[in-house]
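**Q** Here's a structure for you.
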Ligand code: AP5
């Protein structure tokens, strides 16, 4: 493919109405990593409920105080609190062409709420297929998830995600390739908290995966593949409006 064709395709992707995209998967499946890549491809925002909660914790807000205690134990934050956060974020103008929800919904209740919220706000079930909700599930086997979570390092400045145990290593150990900041380990990436998060995923989030599967809205992608392969499959699913 010529450079000119690639440039035209990239510009087109940044002008298309993409609609809502949900990225699902267990802790460590690569939701954050892929959300950033898909966001850059289409020029639409990544909305990570985990990141918004961590920002609130860092700023010492009331929400951050309530959420912090639960997150350090690997528990979910109550549906109502997270739903309000998502309502506020989706009302911002940068969501007009579409958005990627990373880590939301996470319970059947949140998924039901999202369906209603999108319908009310005209994002959903329109006759333009590209505006339909696209739900992508990243699947990765349990043992791989543990290795990924214990090796994860994040840049506190630009949010870039690295891994000391995989090919996603920083060029200089502990230092961000992009801005030279010292990388940090998330507080909930401790063995005991990881195991609680994985347990909660099976108990509270897997039923929600079945909710989307029953509605024939689930696209499964192998989250153990190379980053580029996963992004290409996700972009295709989004462009085809839920059909790989
Ligand atoms: P959140 O921040 O959403 O965490 P999570 O769902 O546990 O997911 P992670 O961020 O751990 O993993 P990820 O799938 O994004 O993987 P990543 O791309 O980093 O939530 C944190 C907490 O907030 C929750 O426990 C809960 O308390 C609360 N919360 C958030 N949302 C909520 C909600 N809706 N309701 C209630 N509570 C909520 O990748 C992991 C590692 O793997 C990285 O190091 C990366 O470099 C590496 N990697 C990624 N892809 C690949 C690949 N293909 N090959 C090799 N390595 C890879």
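The values are calculated or read from the model by the stated rules, or taken from the named source; none is laboratory data. Model, not experiment: these values are computed from the prediction. Backbone-built Cβ (ideal geometry, glycine too); neighbour counts: all protein chains shown.
**Q** Working only within segment 80-93, note down all residues that are under 17 Å from the mean Cα position of the chain (by Cα) and surrounded by 13 or more Cβ atoms within 10 Å (Cβ to Cβ). Break it down into steps so the answer makes sense when it comes.
**A** Residues of segment 80-93 that are under 17 Å from the mean Cα position of the chain (by Cα), as a first pass: 82-83, 85-87, 89-90.
Selection gives 82, 83, 85, 86, 89, 90.
**Q** May I pose another question? Looking at (1) surrounded by fewer than 16 Cβ atoms within 10 Å (Cβ to Cβ); (2) within 17 Å of residue 205 (Cβ to Cβ); (3) within 12 Å of the ligand (Cβ to nearest atom), which is the one condition that is false for residue 169?
**A** Of everything listed in (1) surrounded by fewer than 16 Cβ atoms within 10 Å (Cβ to Cβ); (2) within 17 Å of residue 205 (Cβ to Cβ); (3) within 12 Å of the ligand (Cβ to nearest atom), residue 169 misses just condition (2).
**Q** Next question, about the same structure. Answer with yes or no whether residue 59 is modelled with pLDDT of 95 or more, more than 22 Å from residue 34 (Cα to Cα) and more than 14 Å from the ligand (Cβ to nearest atom). Walk me through how you get there before you give the answer.
**A** Numbers: modelled with pLDDT of 95 or more: yes; more than 22 Å from residue 34 (Cα to Cα): yes; more than 14 Å from the ligand (Cβ to nearest atom): yes.
When the stated conditions are applied, residue 59 passes them.
**Q** Mind telling me which of the residues 103, 147 ends up being within 14 Å of the ligand (Cβ to nearest atom) and surrounded by fewer than 19 Cβ atoms within 10 Å (Cβ to Cβ)? First the steps, then the outcome.
**A** Details: 103 fails: surrounded by fewer than 19 Cβ atoms within 10 Å (Cβ to Cβ).
Answer to the selection: 147.
**Q** Is segment 138-157 home to any residue that is closer than 20 Å to residue 39 by Cβ, in contact with a helix residue (DSSP H, G or I) (Cβ under 8 Å, 6 or more places away or on another chain) and free of Cβ contacts under 8 Å to residues at least 24 places away in the same chain? Can you show your working first?
**A** Taking segment 138-157 and keeping what is closer than 20 Å to residue 39 by Cβ, we get 138, 152, 154-157.
Adding the requirement that they be in contact with a helix residue (DSSP H, G or I) (Cβ under 8 Å, 6 or more places away or on another chain) leaves 138.
Filter once more, keeping what is free of Cβ contacts under 8 Å to residues at least 24 places away in the same chain: none.
No: segment 138-157 contains no residue that is closer than 20 Å to residue 39 by Cβ, in contact with a helix residue (DSSP H, G or I) (Cβ under 8 Å, 6 or more places away or on another chain) and free of Cβ contacts under 8 Å to residues at least 24 places away in the same chain.
**Q** While we're looking at this one, here's another question. With the requirement that a residue be under 19 Å from the mean Cα position of the chain (by Cα) and within 8 Å of the ligand (Cβ to nearest atom), what does segment 150-166 give you?
**A** Those that are under 19 Å from the mean Cα position of the chain (by Cα) and within 8 Å of the ligand (Cβ to nearest atom): 151, 152, 153, 154, 161, 162, 163.
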